[in-house]
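Single-structure report; data block below.
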Amino acid sequence: MFYSHITDNALEAKVKGGLSQAALDRELQRATPALDKIRRWREDGTLPLLKLPARRDDLEALKPHAERFAKFEHVVVMGSGGSSLSGKTLVALKDQGFGPAPGRPKVHFMDNVDPATFAAMTGRLPLDRTGFLPISKSGGTPETIAATFAALGALEAKVGKAGIKNQVLAITEAADNPLRRLMTRLGCTILEHDPKVGGRYSALSLVGMLPAMIAGVDGAAVREGAASVLDPVLAAKDTKDLAPAIGAALSVGLSQERGTNITVLMPYVDRLETFAFWYRQIWAESLGKQGKGTTPVRAMGTIDQHSQVQLYLGGPHDKLYTFVIQDTAGQGTELAPATLGGDKALDYLAGHTMGDLLLAEADATAATLVKDGRPVRVIRIETIDERVMGALMMHYMLETMFAAELWGIDAFDQPAVEDGKVLTRQYLSQRRKS
């Protein structure tokens with residue numbers, strides 16, 4: 001395993017607000033039938049994402065496209081929700097905001113339709129040296145279509161209509177849809193989005209892999225990490241030792257037994273900042289149905305020790321806290337006494353590194369919450385790389401599936417989101433008429 005999953009401090013034996021062992025055992029027992037479902041989904045092709053961790057052939061097919069786009073100075077990914085967050089989460093392994101890996105382009109993710117942001121993008125990027133990747137499973141996502149038109153207009157003004165096809169590659173379903181029709185008219189390359197892989201579950205598919213590979217991420221290693229979590233689930237006879245099932249049982253059990261309807265994910269790893277947003281989407285959109293689900297909250301350590309932790313300790317007892325903590329002991333700049341200027345008030349820092357401070361703050365915050373009776377689980381990692389990221393993403397995809405089975409809901413649809421799309425079209429039509 002590329003991470004450890006520690007749940008003792010989320011149980012009643014350790015914290016007064018925790019889940020009873022009996023309730024945890026009950027939920028794990030109820031989750032056991034999901035094992036057969038997951039195996040069946042993989043074997044009959046219902047859920048092709050479950051076959052991706054073992055595949056490499058499709059990555060070889062993506063390689064020429066990744067190499068072509070890696071020659072640009074900038075690459076702009078235009079997608080909504082998981083079509084953007086999947087790649088953005090993986091690209092963060094190579095670019096923490098201060099520039100890409102050597103020899104790689106800066107990858108930008110335009111996942112909203114704020115006109116000011118697009119004006120800044122088209123006005124400041126060297127468009128003749130920029131590649132564009134519009135991604136829409138359905139080919140009709142309004143935000144992606146609008147972003148694509150905005151980008152194409154600016155790009156055509158720079159390189160001419162004939163030059164567009166050399167700088168644009170689209171990912172969409174192999175069906176007649178607006179994005180495919182547009183790309184076909186322009187002669188752009190189109191890669192096929194598997195219709196059975198939803199956007200928020202698409203990180204291991206070409207949707208996440210292509211931007212990641214352009215940025216220099218090892219896609220095979222990501223999938224190796226994912227396989228390390230999936231394979232034990234596929235082989236298991238029961239759920240008692242499966243981290244994703246235990247996580248789901250905790251969330252569902254605490255919601256039912258304690259009214260704990262908020263779940264906080266708080267990484268103490270900057271490269272997991274976008275991962276926390278990715279988790280927020282997959283948990284909320286997959287599980288918020290029929291009055292079920294819990295509200296996911298993204299926090300970041302140490303930043304939110306100075307904001308949200310006040311609420312966590314002084315506010316309602318209605319949250320499950322998950323910390324992702326990397327072993328950063330000894331890493332970073334050493335805070336030598338001379339560096340600290342001989343200030344006695346800073347003696348507690350002397351001889352330690354920045355990594356020591358980060359680790360101490362993470363452990364101290366978790367311990368303080370436990371002391372106050374708040375349920376806490378900890379995911380510990382030794383490092384953060386492709387294998388670890390793949391393992392964490394697969395963990396939460398599976399945890400979400402197990403939770404959906406426990407709540408008796410479909411983890412793969414999003415009816416409320418579709419309702420909003422219908423109303424958006426109606427509003428735009430009415431305003432045009434008026």
**Message:** Could you report the accessible area of Arg26 in Å², rounded to 10, computed with a 1.4 Å probe on the protein chains as they sit in the structure?
**Reply:** 110
**Item:** Angle between the chain longest axis and helix 243-258 axis [Cα atoms, degrees, rounded to 10]
**Value:** 70
**Prompt:** Of all accessible surface on the stretch 335-392 at a 1.4 Å probe, what whole percent is carbon and sulfur?
**Reply:** 60
**Request:** Find the Cα radius of gyration of the stretch 326-397, compare it with 2.2 N^0.38 Å by division, and give the number to two decimals.
**Result:** 1.44
**Asked** Which Rg and Dmax, in Å, describe the Cα atoms of the stretch 101-225?
**Response** 14.6, 43
**Cα pair distances in the stretch 280-410, grouped into 10 Å bins until the bin that holds the longest one, percent each** = 10, 30, 33, 17, 6, 2, 0
**Item:** For the chain, calculated [θ]222 nm from helices alone, where every DSSP H run of n ≥ 4 adds -39500 (n - 2.57)
**Value:** -15000 deg cm²/dmol
**Complete:** Note on the chain, DSSP bridge orientation, antiparallel percent to nearest 5 equals 15
**Message:** Stokes-Einstein diffusion coefficient for the stretch 4-90 at 4 °C in a medium of 1.567 mPa s, Rh from the Kirkwood formula over Cα pairs: what value in µm²/s?
**Reply:** 73
**Asked** What's the Kirkwood radius of the stretch 55-114 in Å, using all Cα pairs?
**Response** 12.6
**Which listed pairs, of Lys63/Lys237; Lys196/Lys421; Lys88/Lys292; Lys51/Lys319; Lys14/Lys237, have C-alpha distances above 30 Å, in listed order** = Lys63/Lys237; Lys51/Lys319
**Complete:** Using eta = 1.567 mPa s and T = 4 °C, Stokes-Einstein with Kirkwood Rh from Cα pairs puts D for the stretch 43-148, in µm² s⁻¹, at 84
**Fill in**
With the convex hull built on the alpha-carbon atoms of the chain, volume per residue in Å³ sits at 170
**Asked** Among Ala101, Ala350, Ala215, which one moves the most in a GNM of the chain with springs linking Cα atoms closer than 10 Å?
**Response** Ala350
**Message:** Using only alpha-carbon positions, what ratio does the radius of gyration of the stretch 299-344 give when scaled by 2.2 N^0.38 Å?
**Reply:** 1.70
**Item:** Largest to smallest principal axis extent of the C-alpha atoms in the stretch 233-323, angstrom
**Value:** 44, 30, 23
**Item:** Distance between modelled label sites at Ala236 and Ala157, nm, 7 Å Cα→Cβ extension
**Value:** 5.5
**Item:** Measure of compaction for the stretch 185-245 (Cα Rg per 2.2 N^0.38 Å)
**Value:** 1.49
**Asked** For the stretch 50-166, which whole-number percentage of the solvent-accessible area (1.4 Å probe, protein heavy atoms only) is attributable to carbon and sulfur atoms?
**Response** 53
**Request:** Using all C-alpha to C-alpha distances in the stretch 219-273, build P(r) with 5 Å bins and read off the rounded percent in each one.
**Result:** 4, 15, 16, 16, 21, 18, 8, 2, 0
**Message:** Compute the angle between helix 82-91 and the longest alpha-carbon principal axis of the chain, please, reported from 0 to 90 degrees and rounded to the nearest 10.
**Reply:** 70
**Complete:** For the stretch 220-330, averaging the sequence separation of alpha carbon pairs under 8 Å that lie six or more residues apart and dividing by its residue count, the contact order in percent is 32
**Message:** If R₀ is 56 angstrom, what is the calculated FRET efficiency for the pair Thr339 and Gln21, using the beta carbon separation as r and rounding to 0.05?
**Reply:** 0.70
**Request:** Would you mind telling me which residue in Pro267, Pro178, Pro134 has the biggest mean-square fluctuation in a Gaussian network model of the chain, where springs connect alpha carbons within a distance under 10 angstrom?
**Result:** Pro178
**Stretch gain in nm, segment Gln256-Leu311, where the contour uses 0.36 nm per residue and the Cα spacing is subtracted** = 17.6 nm
**Complete:** If the label point sits 7 Å along Cα→Cβ of Phe98, residues of the stretch 334-362 with amide N under 19 Å come out as 334-336, 353-359
**Prompt:** Going by alpha carbons, how many degrees (0 to 90, nearest 10) lie between the helix axis of 57-69 and the longest principal axis of the chain?
**Reply:** 60
**Asked** So what is log10(I(q)/I(0)) for the stretch 374-434 at q = 0.15, 0.19, 0.30 1/Å, when the Debye sum runs over its Cα atoms only?
**Response** -0.73, -0.86, -1.13
**Request:** Give, to the nearest whole percent, the P(r) tail of the stretch 134-193 beyond 13 angstrom, counting all Cα pairs.
**Result:** 55
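The values are calculated or read from the model by the stated rules, or taken from the named source; none is laboratory data. Here the structure is a predicted model, which is why all the values come from computation and not from measurement. Don't worry about glycine lacking a Cβ; one is built from the backbone with ideal geometry, like all the others, and counts go over all protein chains shown. These accessible areas exclude ligands, DNA and RNA; they are computed on the full protein's heavy atoms, side chains included. Shrake-Rupley method; radii C 1.70, N 1.55, O 1.52, S 1.80 Å.
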